[in-house]
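Contents: one structure, followed by commentary.
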Amino acid sequence: MKLHEYQAKDIFRKSGIPVPLGELISSSDQATRATQIIPGPPWVVKAQVHAGGRGKAGGVKVAHYPYEVVTAVESMLGKPLITRQTGPAGVTVNQVLIEEGLEIERELYLSMVIDRAESVPAMIFSQAGGMDIEEVAAKSPHLILKEHVDTSSGWMPYNGRNLVYGLNPLPSPTAAKGLMHVMANLYKVFVTLDCSLVEINPLVITKDGRVIALDAKMSIDDNAMFRQKELLSLDDPREKDPLEQMAEKYNLNYIRLDGNIGAMVNGAGLAMATMDVIKMAGAEPANFLDVGGGANEEMITKGFEIILKDRRVKAILINIFGGILRCDVLARGVVAAAGRTNIRVPLIVRLEGTNVEDGREILKKSDLKFLVARDLSEAAELVAQQVSKTERI
Amino acid sequence: MKLHEYQAKDIFRKSGIPVPLGELISSSDQATRATQIIPGPPWVVKAQVHAGGRGKAGGVKVAHYPYEVVTAVESMLGKPLITRQTGPAGVTVNQVLIEEGLEIERELYLSMVIDRAESVPAMIFSQAGGMDIEEVAAKSPHLILKEHVDTSSGWMPYNGRNLVYGLNPLPSPTAAKGLMHVMANLYKVFVTLDCSLVEINPLVITKDGRVIALDAKMSIDDNAMFRQKELLSLDDPREKDPLEQMAEKYNLNYIRLDGNIGAMVNGAGLAMATMDVIKMAGAEPANFLDVGGGANEEMITKGFEIILKDRRVKAILINIFGGILRCDVLARGVVAAAGRTNIRVPLIVRLEGTNVEDGREILKKSDLKFLVARDLSEAAELVAQQVSKTERI
Amino acid sequence: MSILLNSESRVVIQGITGREGAFHTRQMIAYGTKIVAGVTPGKGGQEFEGITVFNTVRACVQEKGADVSCIFVPPPFASDAIMEAASAGIRLIICITEGIPVLDMVKVMAFLKDLDAVLIGPNCPGIISPGKAKVGIMPGPIHREGNIGVISRSGTLTYEVVDQLTRVGLGQSTCIGIGGDPIVGSSFIDHLKRFRDDKQTKGVILIGEIGGTAEEEAAEYIKAEFNKPVIAFIAGQTAPPGRRMGHAGAIISGGQGKAQDKIEALKRAGITVQMNLGTLGRTALEVMGQDTARP
Amino acid sequence: MSILLNSESRVVIQGITGREGAFHTRQMIAYGTKIVAGVTPGKGGQEFEGITVFNTVRACVQEKGADVSCIFVPPPFASDAIMEAASAGIRLIICITEGIPVLDMVKVMAFLKDLDAVLIGPNCPGIISPGKAKVGIMPGPIHREGNIGVISRSGTLTYEVVDQLTRVGLGQSTCIGIGGDPIVGSSFIDHLKRFRDDKQTKGVILIGEIGGTAEEEAAEYIKAEFNKPVIAFIAGQTAPPGRRMGHAGAIISGGQGKAQDKIEALKRAGITVQMNLGTLGRTALEVMGQDTARP
């Protein structure tokens, strides 16, 4: 689950990580009042959307007069913001954060992630703050410092010293202390809230020596939501694709993509491989849909409905290798869904594994029209045929 | 630092470990009122002293009528309690705890300590509750269950299951749950408060299936007091020997013993060995006194004063092997102390190590009367001679 | 000999009385796996399909000599179950559970460091040594005893591959699903080492997917130390970055974990990379040769 | 050869600018120890007695090739200092600090499990290989190079013993104070193993005290695997139970740690137990023989 900047900053504030003074607004009427509450000028107006690349897309503006704040807010609220992460339609800005401007001496980068290879949390720190960290890692790897955290001891002061005293030039003693303080608290936030990522870019040292998180990016481990219930209210469904929202409700792994071949598969790996097969057949998948191992008839029905709701879909490929999910369950679900929905596109079905004969029988006996693929290669060929047919039409 | 039962129970109560309802009183006037607040009869009246072996010494009484409570309280408050751990003089009872009596179905034993050999905390659990656990360990070791705790994971539910499902017969599901709850909270208390020992003996299961800590024993790691400042107020100096209290103030390791040879040594190991040497020479040490490695003149002076305050002391042996503590510092301290106190007993000095020549010179030039021992063997012989002289007188 | 699991393995099922645990225990028994005990705390003493249920894994080890454990415990309790098994002396732990928080797995991995237990999973189909035993949820009948080792981060994708292998006559020595989570107990390399030392195994199929760098590390290892033929397949070539593709571990993040990087690393190590999943079986037959096809 | 420490050892002092650290650094330099760097966070770049001070141990390892560390850091920060040294790649860590909370040491021990650093102490005098180097706070001049290994839980008591050895002409290969705390980084057995493999060492003096079971464990080990003469001394024969005798570790509790039990265990293992500290030197000369007296 992704948090908004303002939500992450609220958490930071409560956790001893200094952030700029700020006010969240969701209508432009509130903009003028915000300039009265928040110290300034200057003020910084920041669109609250999950997508990255906001700055270059006009989602962050500096204002020197209250009227500039109002103008900036009006240019964002309710408008789509198109960044390199949103796709061409962009994402609508519903909330804007107005913050005090700070006198910045130095911009740094700080984040915490799980190091998968070492199976421990790792803190990443760089003096190249405010930049795209992937680019820094590629071009100047020596500027990226990394501390692995031993989980039995937790974050130790020496971890902080290894990072802070790795800066060149060294920060002032006050700033050094401030940095170590932020690091220790960042680790606490990370483990206490089951984060999968916390990123502060830039983390700034102000002219008066304070260390402040100017930006904040935070994701929570979806698997840990059962014990982070108080974070559930921070979820912003407006940021999500409506079909993905619907899928989430039924515990389906659905991701909308840009193509026109709908796919329903059991198992994430096979679903990815099926997308790849579609692509190799010269078509583009319209979605990733893993109905999972424990899918029941209702989930299959819902998955089918979700695929059909996507008007771009020109053909559907069902690829099921029955293991825990039995082929007869799948078949019944498809038939049930077909009964409720008008299937306006060709359906290609490839069934294999547990109870495959029963499944084929159920499909055959229904009045559903579909093409049978005996294996994946055949399925790919059939998809390609359908696509070329469609294109001819 | 040792806590009183009632103090440990206060901590238990706040930490989710159930304890009986109780009222602490320090004068017998309060006894009747306590019987009105605390459910009963029966009531249990318990003397609050650090020394163990209280039960057999009459420090725990069951009362069935309010007047019996008053009688029990009066028999304890202000009176000395002599247990196997107090010595013949006993220890004065200043406070008494009055608790509700419970209907007990089963008595168990639960404690947590550091397992030195494994360097981890270990929980010890036994169905032989209410008994001397050392005796159980010696006679029925199979009744003692032990769980080591991995410090990176902390106490895990399976640790609790390993203990609770080791009982024979098994407790009821409710009691099993209660036991695991107490165990998990006991571990939390142990690590949060830097305990060196927490012991609940007996931990009882009541007839109605509740799990309750009937007794509580808790010691805090003295080395961790710098971060357990809120526990400092729980220290009860009345339980300590006045000379030991004085020594504590000056950071001296002083322990009063039953003999008549005062000893001042630098280093705990050498101090113990010196006590042993005194004993082997046929005398009894009056104290253990380690002035430590970093002792300054004032500490030496104070140490000397403390030894002399013990009227039983018939001779003093100073044994210093100068390392960090230089012999000249020691000598100056002894001379300073001698200047302020009337030394009424023979003084035997054995100096060796750093700046030994300076030290000997300082002692020689003072008008202090003392015997010089060239080595430990000689020191022991001189002590023996002094003792036999004393005895002849 | 297969690796890790054989017909002598004595298996305990943690969570035997749960829905999934019960279903798959029956399947495993049907396959011939020696299930010697089950664990459901509080249900000790009961029986399930003739198998004694215990309150603790420790009791299963002491009383039934269990040495392999299969875990069907819900995510909030699964890390506890893994640690319980490891501390009780179980030498091979297969955790099927999907959805364990990453930080729980961080703790588990620290815990396992000092013990010599092998953890397969979590979020995996399990392990099968065809003809000997299966511990997990894979459909038994698609497998056939033989000489190919299979290691995979995926479940059904593995079934697909195994099915193709069996259809072209290539049986399997042991198939292992290492799991689709960001942190899993054992890696491609851990099992490649075992396949290297296993005489039965003549070649290995490695099924990777986007996310992490496990395939790149495996490529390095194979290049330096592995001397049997390897065919690799990587799922997720068309996956967009920043989206979690079903598996918690299948996500391209921070510029890492792209299928293309993995494929290139594997190719650089001289490994045959199969691009078209549909014809993997045929490719395997060509690469592994006819010799391998005879068990 | 001595064990662990020799004239090539490159030592960093953690807490070099503190009162204790500064004093003993000078003493170590005077003894001939190769002090290559110091650490005081925030004072990086300064000099102390011609030695460069760094902000981190990592920098000392990278820039000065430090491989041994001596820690004079106050108790609240000492466990952090130990972990810093170990994670920076220091192979021998000597922690002089007295008064570290036991639970901090529990964490340190868990941390060290996965690294191959040797920790001596805490609450110890350190280690000296006479004639080569000393890292710690023991008075150098009482030592003499020779063939006796000394392992002790005590400080000044060790000086007493070493002094007696030197006076009777028995030099020492290496003397180690393992520390007086309940949990210490290395045990009698750890160092006995090293003395067993050390050609210079002809015999060992083992100085124990009340508390814990380290001496009993050492006795078991010596009986089973140690083939050089050993003399043991146990301090605290007259100590009362339940009282902490200065050292946090020197306490008889729960019926364990009595001097008598230790002495009996050592005797059962065929070890010479010296009862009278005053004549330990003479006993050593008899037991270790005249051969040993010549370095």
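If the condition is being in a loop (DSSP other than H, G, I, E, B), at the interface with chain D (Cβ under 7 Å from one of its Cβ atoms) and touching a Lys or Arg at 6+ places or on another chain (Cβ under 7 Å), then region A:151-178 contributes A:Ser152, A:Ser153. Name the single residue that is nearest to the other protein chains (Cβ to nearest Cβ) among those in region A:122-135 being assigned to a loop (DSSP other than H, G, I, E, B) and surrounded by fewer than 20 Cβ atoms within 10 Å (Cβ to Cβ). Among residues in region A:122-135 that are assigned to a loop (DSSP other than H, G, I, E, B) and surrounded by fewer than 20 Cβ atoms within 10 Å (Cβ to Cβ), the one nearest to the other protein chains (Cβ to nearest Cβ) is A:Asp132.
Residues of region B:63-121 being small (Gly, Ala, Ser) and either within 14 Å of another protein chain (Cβ to nearest Cβ) or in a strand (DSSP E or B) (or both), which ones? Of everything in region B:63-121, those that are small (Gly, Ala, Ser) and either within 14 Å of another protein chain (Cβ to nearest Cβ) or in a strand (DSSP E or B) (or both) turn out to be B:Ala63, B:Gly87, B:Ser111, B:Ala117, B:Ser119. Test of understanding: among D:Gly179, D:Gly131, which residue is more than 14 Å from the chain's Cα centre (by Cα) and small (Gly, Ala, Ser)? Exactly one residue qualifies, and that residue is D:Gly131. Filtering region B:27-49 to residues that are within 26 Å of D:Gly242 (Cβ to Cβ) and assigned to a loop (DSSP other than H, G, I, E, B) leaves B:Gln48, B:Val49.
Could we say that B:Ala51 is of a type outside the set (D, E, K, R), under 20 Å from B:Leu197 (Cα atoms) and in contact with an Asp or Glu (Cβ under 6 Å, 6 or more places away or on another chain) here? No: the conditions fail for B:Ala51. The single condition among (1) at the interface with chain B (Cβ under 7 Å from one of its Cβ atoms); (2) part of a loop (DSSP other than H, G, I, E, B); (3) among the aliphatic types (A, V, I, L, M) that D:Leu157 does not satisfy is (2). Considered as a group, the residues in region D:32-66 that are away from every other protein chain (no Cβ under 13 Å), in contact (Cβ under 8 Å) with a residue 40 or more places away in the chain and crowded, with 20+ Cβ neighbours inside 10 Å include one that is farthest from A:Asn162 (Cα to Cα), and that residue is D:Thr33. The condition (being out of contact with any strand residue (DSSP E or B) (no Cβ under 7 Å at 6 or more places or on another chain), touching a residue at least 24 places away in the same chain (Cβ under 8 Å) and among the charged types (D, E, K, R)) is satisfied by just one residue among D:Asp198, D:Asp104: D:Asp104. Being in contact (Cβ under 8 Å) with a residue 12 or more places away in the chain and closer than 30 Å to D:Met109 by Cβ: is that true of B:Lys79 here? Spelling it out, it is not the case that B:Lys79 is in contact (Cβ under 8 Å) with a residue 12 or more places away in the chain and closer than 30 Å to D:Met109 by Cβ.
If you go through region C:236-263 and keep only what is at pLDDT 95 or above and surrounded by 22 or more Cβ atoms within 10 Å (Cβ to Cβ), you end up with just C:Lys262. Taking region B:233-254 as the range and being over 21 Å from B:Val265 (Cβ atoms) and in contact (Cβ under 8 Å) with a residue 60 or more places away in the chain as the test, the residues that pass are B:Leu234, B:Asp235, B:Asp236, B:Arg238, B:Glu239.
Each residue in region C:247-267 was checked for being more than 21 Å from C:Ser186 (Cβ to Cβ) and assigned to a loop (DSSP other than H, G, I, E, B), and 4 pass.
I'm trying to understand the selection: among the residues of region C:109-118, which are within 11 Å of another protein chain (Cβ to nearest Cβ) and either of a type in the set (D, E, K, R) or within 17 Å of the chain's Cα centre (by Cα) (or both)? The answer is C:Met109, C:Lys113, C:Asp114.
Per-residue answers, yes or no, for (1) crowded, with 24+ Cβ neighbours inside 10 Å; (2) within 14 Å of chain C (Cβ to nearest Cβ):
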| position | (1), (2) |
| --- | --- |
| A:Ala281 | no, yes |
| A:Asn287 | yes, yes |
| A:Glu298 | no, no |
| A:Lys314 | no, no |
| A:Ala336 | no, no |
| A:Val356 | no, yes |
| A:Lys369 | no, no |
| A:Val372 | no, no |
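Of the residues that sit in region D:164-212 and are in a loop (DSSP other than H, G, I, E, B) and more than 13 Å from chain B (Cβ to nearest Cβ), which one is surrounded by the fewest Cβ atoms within 10 Å (Cβ to Cβ)? Only one residue tops the list, namely D:Lys199. Quick check: is even one residue across region A:250-263 surrounded by 21 or more Cβ atoms within 10 Å (Cβ to Cβ), within 26 Å of C:Pro74 (Cβ to Cβ) and facing chain C (nearest Cβ under 9 Å)? Within region A:250-263, one or more residues are surrounded by 21 or more Cβ atoms within 10 Å (Cβ to Cβ), within 26 Å of C:Pro74 (Cβ to Cβ) and facing chain C (nearest Cβ under 9 Å). From the list D:Ile100, D:Ile93, the lone residue that is among the aliphatic types (A, V, I, L, M), within 14 Å of the chain's Cα centre (by Cα), closer than 27 Å to A:Glu147 by Cβ and modelled with pLDDT of 95 or more is D:Ile93. Only a single criterion out of (1) modelled with pLDDT of 95 or more; (2) within 14 Å of chain C (Cβ to nearest Cβ); (3) part of a helix (DSSP H, G or I) is not satisfied by B:His142, namely (1). D:Ala81 meets the stated requirement of being within 14 Å of chain A (Cβ to nearest Cβ), on the phi < 0 side of the Ramachandran plot and under 18 Å from the mean Cα position of the chain (by Cα).
Looking only at region A:81-108, residues that are β-branched (Val, Ile, Thr) and within 20 Å of A:Ser28 (Cβ to Cβ) come to 5 in all. For B:Gly209, the criteria (1) more than 10 Å from chain D (Cβ to nearest Cβ); (2) buried (at least 19 other Cβ atoms within 10 Å of the Cβ); (3) part of a loop (DSSP other than H, G, I, E, B); (4) in contact with a Pro (Cβ under 9 Å, 6 or more places away or on another chain) hold in every case but one, which is (2). Selection of region A:146-174 for residues being touching a strand residue (DSSP E or B) at 6+ places or on another chain (Cβ under 6 Å), polar (S, T, N, Q) and farther than 22 Å from A:Thr192 by Cα yields only A:Asn162.
For region B:350-371, does any single residue satisfy the condition of being under 15 Å from B:Ala263 (Cα atoms), among the aliphatic types (A, V, I, L, M) and within 33 Å of the chain's Cα centre (by Cα)? Scanning region B:350-371 turns up at least one residue that is under 15 Å from B:Ala263 (Cα atoms), among the aliphatic types (A, V, I, L, M) and within 33 Å of the chain's Cα centre (by Cα).
One line per residue, one yes/no per condition, for (1) assigned by TED's automatic domain parsing to the domain that holds A:Ile212; (2) in contact with a Phe, Trp or Tyr (Cβ under 9 Å, 6 or more places away or on another chain); (3) under 21 Å from D:Thr56 (Cα atoms); (4) in contact (Cβ under 8 Å) with a residue 60 or more places away in the chain:
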| residue | (1), (2), (3), (4) |
| --- | --- |
| A:Leu108 | yes, yes, yes, yes |
| A:Ala137 | yes, no, no, no |
| A:Asn168 | yes, no, yes, no |
| A:Pro173 | yes, no, yes, no |
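The values are calculated or read from the model by the stated rules, or taken from the named source; none is laboratory data. Keep in mind the model is a prediction, meaning the values are calculated, not measured. Cβ atoms come from the backbone with ideal geometry, glycine included; neighbour counts cover every protein chain shown.
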